[in-house]
Amino acid sequence: MRFLLDAEQRAFADALRAMLTAADTPAVIRDWSRGDHTRGRALWSRLAEAGVFALAVPEEYGGLGPRPVELAVAFVELGRYAVPGPLVETAGAAVLLGEPAPARRFLPGLAAGADLATVAAPGGYALDGDAASLRLSPAPDGLYLCTAPPGPVRRSLDPARRLTALPPGGELLTPAVPYDRALTWIRLATAAQALGVGLALLDRTVAHVRQRTQFGVPVGSFQAVKHRLADSRTALEFARPLVLGAAVSLRPEDVAAAKLTACEAAYRTARTALHLHGAIGYTAEYDLSLWLTKARALRSAWGTPEECRDRVLAAGL
């Protein structure tokens with residue numbers, strides 16, 4: 001089976017790419033890492049105007065969706081430019097807030113980009129709790145809106161992923177929590193984001209080895225370098241139809257397989273990028289590091305490789 005984007009979806013991806021190319025995302029990422037959200041919020045508003053956050057929100061609440069395929073297309077581009085913020089969590093929040101009362105109250109703001117949402121993983125931390133205006137905490141007895149200030153920021157491997165603990169309790173929004181369905185959307189968005197990160201790392205590495213010379217010739221002309229890059233390209237291209245196919249089916253096992261494959265491909269590409277850049281790849285001042293750390297962080301976000309494998313095996317795929 002072939003998964004090809006139609007003309008409208010390709011135009012959507014091209015428009016996002018043009019917007020993000022002009023946005024100087026490395027500067028936005030570094031500001032966000034320091035806790036300065038000004039430029040990040042401005043970019044968030046532009047993404048909302050393009051309809052990115054409306055894709056997971058039903059039309060009756062001011063959205064365009066649910067449109068999981070278009071969401072995956074958008075998140076590939078968000079990953080390609082390493083856009084910071086609780087992106088996948090906002091998509092997941094749109095699913096968690098699906099009951100009529102909280103949906104009417106919160107979903108129009110999410111679709112319009114007025115609100116940033118984060119979701120605390122069970123027993124874990126919430127991403128960007130200091131920046132989010134909606135902090136959701138699923139619990140066995142319901143979905144809570146955390147009204148107390150979040151805990152102090154904890155730095156993660158990716159400096160742009162600022163983690164906070166959410167205090168227990170808060171306002172009970174609904175006793176029915178579609179957590180498994182929300183997790184499926186979150187993992188789909190994470191898989192697409194990782195695919196975009198991997199594609200960006202590959203493009204940057206190809207450009208680097210074409211410019212860097214050794215023994216009077218470009219490094220990219222060496223057979224061993226070509227093989228490493230070809231392996232990365234193959235892994236990413238195998239991941240792409242899995243991500244799009246999972247967006248079509250939205251079966252949890254398909255999404256888990258897509259996340260596993262896309263995140264492993266991005267992580268493999270990150271290792272290749274680091275090796276072929278040499279010592280410069282380790283430096284925080286070099287933009288490549290912004291994608292390297294994100295590829296590593298996404299690998300375990302919202303489901304480790306082992307958890308995703310277990311989900312696929314449980315389904316008998």
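Of all residue pairs spaced 6 or more apart or on separate chains, those with beta-carbon atoms under 8 Å, a first member in the range 274-287 that is within 21 Å of residue 220 (Cβ to Cβ) and part of a loop (DSSP other than H, G, I, E, B) and a second member that is aliphatic (A, V, I, L, M) and modelled with pLDDT under 95 are 286/280.
In the range 169-179, is there at least one residue being buried (at least 16 other Cβ atoms within 10 Å of the Cβ), among the aliphatic types (A, V, I, L, M) and either over 29 Å from residue 261 (Cα atoms) or free of Cβ contacts under 8 Å to residues at least 40 places away in the same chain (or both)? Yes.
Being at pLDDT 95 or above and not in a helix (DSSP H, G or I), is that true of even one residue in the range 37-46? Taking every residue of the range 37-46 in turn, at least one turns out to be at pLDDT 95 or above and not in a helix (DSSP H, G or I). Restricting 12, 53 to residues that are more than 30 Å from residue 156 (Cα to Cα), among the hydrophobic types (A, V, I, L, M, F, W, C), in the same structural domain as residue 81 (by TED's automatic domain parsing) and surrounded by 18 or more Cβ atoms within 10 Å (Cβ to Cβ) narrows the list to 12.
Cβ separations smaller than 7 Å between residues 6+ apart or across chains give the following pairs from the range 196-214 residues that are touching a residue at least 40 places away in the same chain (Cβ under 8 Å) and under 18 Å from residue 231 (Cβ atoms) to residues that are in a helix (DSSP H, G or I) and of a type in the set (Val, Ile, Thr): 198/269; 201/269; 202/269; 205/272; 209/219; 209/225. Residues in the range 288-317 that are of a type in the set (D, E, K, R), touching a helix residue (DSSP H, G or I) at 6+ places or on another chain (Cβ under 9 Å) and over 22 Å from residue 86 (Cβ atoms) were compared, and the one that is surrounded by the most Cβ atoms within 10 Å (Cβ to Cβ) is 311.
Does at least one position in the range 157-165 carry a residue that is small (Gly, Ala, Ser), assigned by TED's automatic domain parsing to the domain that holds residue 295, surrounded by fewer than 17 Cβ atoms within 10 Å (Cβ to Cβ) and outside any helix (DSSP H, G or I)? No, that holds for no residue. State which residue is modelled with the lowest pLDDT when the search covers only the range 56-72 and only residues that are within 17 Å of residue 259 (Cβ to Cβ) and surrounded by 24 or more Cβ atoms within 10 Å (Cβ to Cβ). Across the range 56-72, the extreme among qualifying residues is 56. Taken over the range 41-90, the criterion of being β-branched (Val, Ile, Thr) and farther than 29 Å from residue 205 by Cβ is satisfied by 57, 90.
In this structure, residue 266 does not qualify as without any contact (Cβ under 8 Å) to a residue 60 or more places away in the chain, closer than 21 Å to residue 225 by Cβ and assigned by TED's automatic domain parsing to the domain that holds residue 185. I'm checking my understanding of the structure. Among residues of the range 96-146 that are among the polar types (S, T, N, Q) and surrounded by 16 or more Cβ atoms within 10 Å (Cβ to Cβ), which one is farthest from residue 37 (Cα to Cα)? Among those that are among the polar types (S, T, N, Q) and surrounded by 16 or more Cβ atoms within 10 Å (Cβ to Cβ), it is 137.
Just checking, does the range 130-148 include any residue being among the acidic types (Asp, Glu) and either within 17 Å of residue 116 (Cα to Cα) or in contact with an Asp or Glu (Cβ under 6 Å, 6 or more places away or on another chain) (or both)? Yes, the range 130-148 contains at least one residue that is among the acidic types (Asp, Glu) and either within 17 Å of residue 116 (Cα to Cα) or in contact with an Asp or Glu (Cβ under 6 Å, 6 or more places away or on another chain) (or both).
The values are calculated or read from the model by the stated rules, or taken from the named source; none is laboratory data. Computed from a predicted structure; not experimentally measured. With ideal geometry, Cβ positions are generated from the backbone for all residues, glycine too; neighbour counts draw on all protein chains shown.
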